[in-house]
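*Asks:* Right, I'll just put the structure down here and ask away after.
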Amino acid sequence: MVAVGLAFASGALITALAFDLFEEAFNIGGPWVAGLGLLAGAAAFVTADELLDRYGGSSGFALLAGVTLDGVPENLALGVGLIGSSLTGILALLVGIFASNLPEALGGAVDMRNGGRSRGFVIATWTATALLLTAAVVVGNALLVYANEGVLAFARAFASAAVLASVADTVMPEAYKEGGPLVAFATAAGFLLTFLISQ
């Protein structure tokens, strides 16, 4: 079930980043600004992910770090996306972010409990993570609400790359490692649902 959920999230996030974040960046900033923003976002994610792989701790804490590493760029992207985007585009991105983070958070919480952490510690840790990710939406929106179009285009492309890198590096591999034939179908279903929402 977790694999299917992650595969669904992969499809949902691909739709959201392609049809909301990156397309808008391309339309506003043109190919050079959008392309540079995309490559810079991918490089930033890969660097941060390499540091996590090198210094990550136990499985539960590694999942916590992964959710945070994926979630901060995704939620910053959501905050940036709120600037001048349609409600349907934002809803599609929100569905994808929620669907990708929930299975990872549940797995991390279970691993922490199995590792001997108290229920209170686990709840407090994941609540703090949720608050951090919520703050990332506000920060992403507040920092760029008055930005000029070129800066906003770069930021959207940067955020879309962070989401895409997260899908390629974390969400899809986790799904396909554990999933069966339903994983491919779930990816397509996630893509279709968020495409329909965005339309």
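The values are calculated or read from the model by the stated rules, or taken from the named source; none is laboratory data. Treat the numbers as computed from the prediction; the structure is a model and nothing was measured. Methodologically, a virtual Cβ is constructed for each residue, glycine included, from the backbone with ideal geometry; neighbour enumeration extends over all protein chains shown.
One line per residue, one yes/no per condition, for (1) buried (at least 20 other Cβ atoms within 10 Å of the Cβ); (2) touching a helix residue (DSSP H, G or I) at 6+ places or on another chain (Cβ under 8 Å); (3) closer than 21 Å to Gln199 by Cβ; (4) modelled with pLDDT of 80 or more:
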site: Leu76; (1), (2), (3), (4): yes, yes, no, no
site: Leu132; (1), (2), (3), (4): no, yes, no, yes
site: Gly150; (1), (2), (3), (4): no, yes, no, yes
site: Ala155; (1), (2), (3), (4): yes, yes, no, yes
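*Asks:* Would you point out the residue of the stretch 178-199, among those that are closer than 20 Å to Leu102 by Cβ and of a type in the set (Phe, Trp, Tyr), that is surrounded by the fewest Cβ atoms within 10 Å (Cβ to Cβ)?
*Replies:* Among those residues, the one meeting the criterion is Phe185.
*Asks:* Is there a residue being within 12 Å of the chain's Cα centre (by Cα), in contact (Cβ under 8 Å) with a residue 60 or more places away in the chain and farther than 21 Å from Val4 by Cβ anywhere in the stretch 138-158?
*Replies:* No, the stretch 138-158 contains no residue that is within 12 Å of the chain's Cα centre (by Cα), in contact (Cβ under 8 Å) with a residue 60 or more places away in the chain and farther than 21 Å from Val4 by Cβ.
*Asks:* Among the residues of the stretch 171-185, is any of a type in the set (Ser, Thr, Tyr) and within 15 Å of the chain's Cα centre (by Cα)?
*Replies:* So far as the stretch 171-185 goes, no, none of its residues is of a type in the set (Ser, Thr, Tyr) and within 15 Å of the chain's Cα centre (by Cα).
*Asks:* Restricting to the stretch 1-40, what's the tally of residues that are modelled with pLDDT of 90 or more and within 13 Å of the chain's Cα centre (by Cα)?
*Replies:* 0
*Asks:* Taking Ala175 as the residue in question, decide whether it is crowded, with 18+ Cβ neighbours inside 10 Å, within 25 Å of Ala43 (Cα to Cα) and not β-branched (Val, Ile, Thr).
*Replies:* Considered against the rule, which asks whether it is crowded, with 18+ Cβ neighbours inside 10 Å, within 25 Å of Ala43 (Cα to Cα) and not β-branched (Val, Ile, Thr), Ala175 comes out as yes.
*Asks:* Kindly indicate whether Phe61 is of a type in the set (Phe, Trp, Tyr), part of a helix (DSSP H, G or I) and modelled with pLDDT under 70.
*Replies:* Against the criterion (of a type in the set (Phe, Trp, Tyr), part of a helix (DSSP H, G or I) and modelled with pLDDT under 70), Phe61 qualifies.
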